[in-house]
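Visitor: My structure is below; once you've seen it, I'll send some questions.
The values are calculated or read from the model by the stated rules, or taken from the named source; none is laboratory data. For clarity, every value in this text was computed on a predicted model and none was experimentally measured. Glycine also receives a Cβ, built like all others from the backbone with ideal geometry; neighbour counts cover every protein chain displayed. What goes into the accessible areas is simple: the full protein's heavy atoms, side chains included, and nothing from ligands, DNA or RNA. Shrake-Rupley method; radii C 1.70, N 1.55, O 1.52, S 1.80 Å.
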Amino acid sequence: MILLQLYLAFAKMGFFSIGGGYVMLSLIENEIINARGWLTSAEFVDILAISEMTPGPIAINSATFIGYRVAGVMGSIIATIGVITPSILLVLLAATLFKRFYQNSWVQAAFSGLRPAVIGLIAGAAIFITRTALIDLPSIIIALGAFLLLILTRLHPIAVLAFSALAGVICQYLF
Amino acid sequence: MLPIIKREVVERFSWLSDEEFVDALAVTQSLPGAIAVNTAIFIGYKVRGFMGAVISMLGAVLPSYIVILFIAAFLTHFTEYKLVQAAFSGIRPAIAALIAAAVLKVGRPVIKERLNLALAFLFLIFSEVLGLHAILVILSGGLIGLIRHYIHYRQTKKKCEADTE
């Protein structure tokens, strides 16, 4: 039964993960943490950290990880299949209807309306994660430093994460 | 990711022409789901039909799946080490920074239009302050897009009619 729940939850999230992987964060916050309690917000930030450090889409990574946490290897398979089910159905549908679908001005209009909604949701996820991850002075300083590195330099995010890990280790042993 | 896909699909194997590739991206980027997975399904379908779609999707998904499964299975043991815990205490705030930077990166082209900036802010309030479900936020975004298009459509129609008179 838990497998069916996993499948349905991730299929639903897959269907609504529009505009890149970051909307997935907002969906996980709503569907997995708040509605089902399958994950704590601290675990959520750790999964996100692992997703960012490994290649591959956030949607797939988080489905695999959460599925495994909830119901072992079987859970990871079911959740991953769940999150890609909408992709398979919709892409195949679009591939057959192709231009007629995409060039329709009403379809375009709906998509252009989605964009600000997606920005709002990602900003919300950023606030949620900030509340969870910024717990003391060192973490606030690391976050600020990482943010400045990310927006002012062309440093790769992985390098920023590596610096931050190092900063975390140094802080731990200093204080 | 996309430059890699393009190099393999267009330049190395010539499965798609340049133009077809751009069309494929336009479709796969606007559909829900991970762009890499969607693109794999689309190209697989173009090249070899349904079986092609399934196989190339597996190719796109399996590496991530295996890596994450491995990490998920061993992470609990991993996090017992003091050093790993210390490293994660630094990585967590950096993740917050990463998402905040993503808001700026994704948002910049969209909020050039003032109305979009206001809407994004409104949706933020809906979701964080009023606790509206992410799915409802997305649906209302689509609805607003349709309404704006309808208003625009009506205006142009009226203008056309006025011009012909």
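Visitor: When a/c is below 1.5 the answer is rounded, else prolate if a/b is larger than b/c, else oblate, so apply that to chain B with a ≥ b ≥ c taken from the square roots of the Cα gyration tensor eigenvalues.
Guide: Because a/c hits 1.5 or more and a/b fails to exceed b/c, chain B counts as oblate.
Visitor: For the stretch A:2-105, what's the relative contact order in percent, using C-alpha pairs closer than 8 Å and at least 6 residues apart? Before the final figure, lay out each step's value.
Guide: Numbers: 106 pairs, mean separation 36.8, N = 104.
After rounding, I find 35 percent.
Visitor: On to the next question. What ³J(HN,Hα) values, in whole Hz, does the Karplus curve 6.51 cos²θ - 1.76 cosθ + 1.60 give for the stretch A:73-85 when θ = phi - 60°, with x put for Gly and Pro?
Guide: Per-residue couplings from phi come out as 4, 4, x, 5, 5, 4, 5, 5, 4, x, 6, 9, 3 Hz.
Visitor: Taking amide H atoms as placed 1.01 Å from N in the peptide plane, list the residues 5 or more away in sequence, or in a different chain, whose amide H sits under 5 Å from that of residue A:135.
Guide: Here the answer is A:140, since their amide H atoms fall under 5 Å of that of residue A:135.
Visitor: How large is ³J(HN,Hα), in whole Hz, for each residue of the stretch B:76-87 in order, when computed from phi with the Karplus curve 6.51 cos²θ - 1.76 cosθ + 1.60 and θ = phi - 60°, using x for Gly and Pro?
Guide: 4, 6, 4, 6, 6, 6, 4, 5, 5, 4, 5, 4
Visitor: I need the P(r) histogram for the stretch B:1-78: all alpha carbon pairs, bin width 10 Å from 0 out to the longest distance, whole percents.
Guide: 18, 46, 22, 11, 3
Visitor: Right, something else. Which order do B:150, A:68, A:173 take by accessible area at a 1.4 Å probe, largest first?
Guide: Result of the area sort, largest leading: A:173, B:150, A:68.
Visitor: Accessible area of residue B:152, 1.4 Å probe, to the nearest 10 Å²?
Guide: Residue B:152 exposes around 110 Å² with every protein chain in place.
Visitor: Hey, what does the equivalent ellipsoid look like for the protein assembly as shown, semi-axes from the Cα gyration tensor as sqrt of 5 times each eigenvalue, largest first, whole Å?
Guide: Largest first, the protein assembly as shown gives 35, 26, 19 Å.
Visitor: Mind checking which lysines have their C-alpha under 20 Å from residue B:46, skipping anything on the same chain fewer than 8 residues away?
Guide: Excluding near neighbours in sequence, the set is A:99, B:6.
Visitor: The stretch A:61-175: D in µm²/s via Stokes-Einstein (Kirkwood Rh, Cα pairs, 25 °C, 0.890 mPa s)?
Guide: 134
Visitor: Taking loop as defined by DSSP and a crowding limit of 14 other beta carbons within 10 Å, which trypsin sites (Lys or Arg not before Pro) in the stretch A:1-88 fit?
Guide: A:36
Visitor: Between helix B:134-164 and chain B, what is the angle of the helix's C-alpha long axis to the longest principal axis, kept within 0 to 90° and rounded to the nearest 10?
Guide: It works out to around 20 degrees.
Visitor: Continuing with the same structure: Per-residue HN-Hα couplings for the stretch B:96-105, Karplus 6.51 cos²θ - 1.76 cosθ + 1.60 at θ = phi - 60°, whole Hz, x for Gly and Pro?
Guide: Running phi through 6.51 cos²θ - 1.76 cosθ + 1.60 with θ = phi - 60° gives 4, 5, 4, 5, 4, 5, 5, 4, 5, 5 Hz.
Visitor: Here's another thing I want to ask about it. Could you tell me which residue out of A:35, A:67, A:3 lies farthest along the dipole of the stretch A:2-105 toward its positive end? Charges go on the beta carbon: Lys and Arg +1, Asp and Glu -1, centred on the Cα centre.
Guide: Most positive-ward Cα: A:3.
Visitor: Express the relative contact order of chain A as a whole percentage, based on alpha carbon pairs under 8 Å and six or more residues apart in sequence.
Guide: In percent, rounded to a whole number, it is 25.
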